[in-house]
Amino acid sequence: MAYLNKVMLIGNLGKDPVISASPNGRKRVTFSLATSRRYKDNNGEMKEQTDWHNIVGWGKTADVFEQLGIHKGMSLYVEGSLTNRSWTDQNGQKRYSTDVNMDTFQLLTPRNQNGGSFQSGGFNQSSNFNQSNGYSQSSAPAYDAPMPEGDEDLPF
């Protein structure tokens with residue numbers, strides 16, 4: 001029997017990514033990604049539900065995040081797998097978290113948006129990063145659906 005653990009998300013960063021090192025010195029980038037969906041409730045009214053996803057990337061991915069200057073509000077396509085972890089907090093309570101272990105990502109925000117502080121450093125917005133293969137150019141974006149025109153669709 002075959003098994004599959006794959007996640008694909010398109011959303012906006014809720015905070016600036018945090019780049020740190022694990023105890024063994026391996027570089028790590030963590031951030032939260034907001035995804036939204038619209039639905040009709042029992043009264044027929046349109047509602048919007050925003051979900052927040054914890055994303056973790058390792059090694060070269062963290063380097064690329066630094067080089068691209070990825071920050072809060074930017075749109076990303078993220079692909080990876082779900083991982084579960086648990087720990088005991090300071091009060092002795094067991095805590096649980098489900099994270100997305102990022103394998104690849106693609107920056108969807110054009111350079112001239114979000115204050116224009118995006119420094120490409122030789123990478124362009126239609127490029128994607130694959131953890132196993134490194135950085136590769138792509139002429140076609142990963143997602144062809146139209147992006148919202150205004151900020152009214154952003155969950156923050």
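Readers should treat all values here as calculations from the given coordinates under stated rules, not as data from a laboratory. Note that the coordinates shown come from a computational prediction; the quantities given were computed from them, not determined experimentally. Cβ coordinates were reconstructed from backbone atoms using ideal geometry, including for glycine residues, and neighbour counts include every protein chain displayed.
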Report task. Could you sort 97-109, 77-89 so that the peptide with the highest average Cβ count within 10 Å comes first and the rest follow in order? Result -> 97-109, 77-89
Requested in this report: Among the lysines, select those whose C-alpha is under 20 Å from the C-alpha of Lys15, and discard any that sit fewer than 8 residues away in the same chain.
Outcome: Lys27, Lys72
Query raised in the report: From a point 7 Å beyond the Cα of Ile10 in the direction of its Cβ, which residues of the stretch 40-84 have a backbone N at a distance under 18 Å?
Result: 49-53, 73-80
Report task. Using label points projected 7 Å from each Cα along Cα→Cβ, tell me how many nm separate Lys40 and Asn101, to one decimal. Result -> 4.2
Query - Local electrostatic count at Lys60 - Lys and Arg +1, Asp and Glu -1, tallied over other residues with Cβ under 12 Å - result: 0
Query raised in the report: Taking the simple approach of a point 7 Å from Cα along Cα-to-Cβ for both Ile19 and Asp51, what is their distance in nm?
Result: 2.9
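Hey, got a sec? Which trypsin sites (Lys or Arg not before Pro) in the stretch 16-65 land in a DSSP loop and have at most 14 other Cβ atoms within 10 Å? Before the final figure, lay out the partial values.
Details: sites: Arg26, Lys27, Arg28, Arg37, Arg38, Lys40, Lys47, Lys60; in loops: Arg26.
Listed in order of number, the matching sites are Arg26.
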Requested in this report: Rounded to whole Hz and in sequence order, give me ³J(HN,Hα) for the stretch 51-63 from the Karplus expression 6.51 cos²θ - 1.76 cosθ + 1.60, θ = phi - 60°, writing x for Gly and Pro.
Outcome: 10, 10, 10, 7, 10, 10, x, 10, x, 4, 4, 4, 4
Query - Nearest-20 debye value, the stretch 18-108 charge dipole, Cβ charges on Lys, Arg, Asp, Glu - result: 180
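Report the local net charge at Leu82: Lys and Arg +1, Asp and Glu -1, summed over other residues whose C-beta lies under 15 Å from its C-beta.
Values: positive: Lys6, Arg85; negative: Asp51, Glu79, Asp99, Asp103.
Residues near Leu82 contribute -2 overall.
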Report summary line: Of the residues Gly44, Ile19, Gly59, the Cα lying farthest along the dipole of the stretch 15-60 towards its positive end, which is defined by charges on the beta carbon of Lys, Arg, Asp and Glu, belongs to Gly59
Report task. Collect residues whose amide H, placed 1.01 Å from N in the peptide plane, falls under 5 Å from the amide H of Leu108; neighbours closer than 5 in sequence don't count. Result -> Ser75, Leu76, Tyr77
